[in-house]
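Each remark here refers to the structure printed beneath this line.
Values in this text are rule-based calculations from the coordinates and carry no lab data. For clarity, every value in this text was computed on a predicted model and none was experimentally measured. Cβ placement follows ideal geometry from the backbone for every residue including glycine, while neighbour counts extend to all protein chains displayed.
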Amino acid sequence: MTVNIKQVEKISKALGDANRLNILFFIARKGGCGQCSELQDVLDLAQPSVSHHIKILIEAGLIEPEKEGRNHKYTLNAEVLDGYLACLGKLKGE
């Protein structure tokens, strides 16, 4: 997937927060998929704050939501991450 400059900007802003980075690293450690209820415990944040950070990551395309009954599950979007990294690699001439 090729990302444009606007998408790179949005992803970069989403990655500019330690809580959002922790969410992504947590999901990655869980094999690319994590439950919302687990995130609240890991981040030690109130549910509204976790939801806010999740919303930003979804809007940036970094994670994809999936509802399972009353639970929410989030999956890393590897295609977007690869496109983002490829775009940044162009800065180095790769």
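Summary table below
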{"item": "Footprinting exposure proxy for His72, His52 (fewest neighbouring C-beta atoms within 10 Å first)", "result": "His52, His72"}
{"item": "Relative compactness, the range 1-43, computed as alpha-carbon Rg over 2.2 N^0.38 Å", "result": "1.34"}
{"item": "With Cα atoms, 0 to 90° folded angle of helix 5-14 axis to the chain main axis", "result": "40"}
{"item": "For the chain, built as a Gaussian network whose Cα springs stay under 10 Å, the top-fluctuating residue of Leu76, Leu57, Leu39", "result": "Leu39"}
{"item": "Neighbour-count ranking [beta-carbon atoms within 10 angstrom, fewest first] of Ile54, Ile27", "result": "Ile54, Ile27"}
{"item": "Estimated FRET transfer efficiency (Ser51, Asp82; beta-carbon r; R0 25 Å; 0.05)", "result": "0.40"}
{"item": "Neighbour-count ranking [beta-carbon atoms within 10 angstrom, fewest first] of Thr75, Thr2", "result": "Thr2, Thr75"}
{"item": "Degrees, to the nearest 10: 78-89 long Cα axis against longest axis of the chain", "result": "40"}
{"item": "17 Å Cα-Cα reach of Lys13 towards lysines, excluding residues that sit fewer than 8 places from it in its own chain", "result": "Lys55"}
{"item": "Spin-label pair Glu68/Ser12, simplified geometry with 7 Å Cα→Cβ offset, distance in nm", "result": "3.6"}
{"item": "Electrostatic dipole magnitude of the range 5-92 [Cβ: Lys, Arg +1; Asp, Glu -1; Cα centre; debye, to 20]", "result": "240"}
{"item": "Angstrom value of the Kirkwood radius, inverse mean 1/r, which spans all Cα pairs in the chain", "result": "13.7"}
